[in-house]
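Before any comments, here is the structure.
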C-alpha cells in the first residue's frame, strides 16, 4: 500500500515520553497502513531498550534504526533518505499527535498546494505552548516565518525536502545546538509556498527559557547566531536585532526584580547569540 506519511523520530534518552508518542500515533484517525514511523535510535542498547516499547504497538508500521552517531539533524536527514511517504514530519520523542492531526495536515496540503505546511503546539487544555500561535491561517514568508513554526509542527512534501535537508552543523548534538529547523524553514520559504494552519495541533510540554539550564540557553543562543550568519540578509539581520532587544528588555526587568538566575540566562542569551554569529564559518555550511 502507498505510504502517505513518513514520521521521522530522532530519539535519545527518553522512554516514557517515547511510549506516549507511539500511543498517540496508534490513536490517530488515519489509516495506519498509510503511515510509516522511522525511529532513529541514538541510545546505547544497554541503557534504554526501545524495542520492548515498540513491541507494544504491533499495529504501527515502524522502521527501527540504530544510529551510532548522535545529532538530530544528521539522524533526521538519514530518516528523510529512508522515507517512502508523500509527506514527511519530525515529531519529537516527547511530543504527541492528536487524533485529527494528520487529517488536518493532509487536508491543508490538498487545499493549498503548498510544499510546506505548519501547525501549532498546544497543551492538553488547548493553550498555546512555546509561543502565541496565530489564530488564523497565514501564508508564511521571509518576513513573518519566525513565530510560526517549530520542528515538530512542520510537514513537508517529500519531493520538496529531498532537495533541502537539515544543515548538520546546526541542532542538538552540535556546538550550535538549535535553529536547524529555523534554517530549514527559512530556506524553504525562499523557494516555495508555506502555509500555517492553526487547526493542525501537536502536544509538547512547555520548554520556555524559564525551564532551561544555562548550558541549554547558551547552546540555543549559539545556534541562533549561526543561523543568522549563514542566512544573513535584511530579514534575518532585522530579526537578530529584534531578538537582542527582546532579551535586553528582559535583562533589565530581571535586574530590577533581582531574579539572579533569570538575569544570568538573559545575559548568556545575548552574549552567545553574538558569539554564534561571529564564530560560525560560512565555508562549513551544507
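Each value in this text was obtained by applying a stated rule to the coordinates, not by laboratory testing. It should be emphasised that the depicted structure is a prediction, and the values quoted were computed from it without experimental measurement. Backbone-built Cβ (ideal geometry, glycine too); neighbour counts: all protein chains shown.
The value of relative contact order for the stretch 214-279, using C-alpha pairs under 8 Å at least six residues apart, is 59 percent.
What is the projected area of the convex hull of the Cα atoms of the chain, averaged over all directions, in nm²? Mind showing how you got there, number by number?
Values: hull surface 60.2 nm².
About 15.1 nm², averaged over all directions.
Classification of the stretch 160-274 by its C-alpha gyration tensor yields a prolate form. The axis ratio a/c (a ≥ b ≥ c) is 1.5 or more, and a/b outweighs b/c. Between the alpha-carbon centres of the stretch 259-280 and the stretch 33-70 there is a gap of 36 Å.
Relative to the 2.2 N^0.38 Å rule of thumb, the stretch 17-150 has a C-alpha radius of gyration ratio of 1.13. Shape of the stretch 214-279 from its Cα gyration tensor (a ≥ b ≥ c, root eigenvalues): rounded if a/c is under 1.5, otherwise prolate when a/b > b/c, or oblate? In terms of gyration-tensor shape, oblate. Only helices enter this figure: runs of n ≥ 4 DSSP H residues, each worth -39500 (n - 2.57), summed and divided by the residues of the chain, yield -12500 deg cm²/dmol at 222 nm to the nearest 500. So how far, in whole Å, is the C-alpha centre of the stretch 73-137 from the one of the stretch 218-234? Spelled out, the Cα-based centre of one part sits 24 Å from the other. Quick one: helix 16-26 against the long Cα principal axis of the chain, what's the angle to the nearest 10°, folded into 0 to 90? For helix 16-26, the angle is close to 50 degrees.
Name all residues of the stretch 90-121 having a backbone nitrogen under 18 Å from the label point set 7 Å from the Cα of residue 26 along its Cα→Cβ direction, giving them as ranges. Backbone N within reach: 93-100. Subtracting the Cα-Cα distance of residue 275 and residue 187 from their residue separation scaled by 0.36 nm leaves 29.4 nm. Contact order for the chain, expressed relative to its length and based on alpha carbon pairs under 8 Å spaced 6+ residues apart, stands at 19 percent.
In terms of its C-alpha gyration tensor, the stretch 40-95 comes out oblate, because a/c is 1.5 or above while a/b does not outweigh b/c. Between residue 213 and residue 100, residue separation times 0.36 nm minus the direct Cα-Cα distance comes to 37.3 nm.
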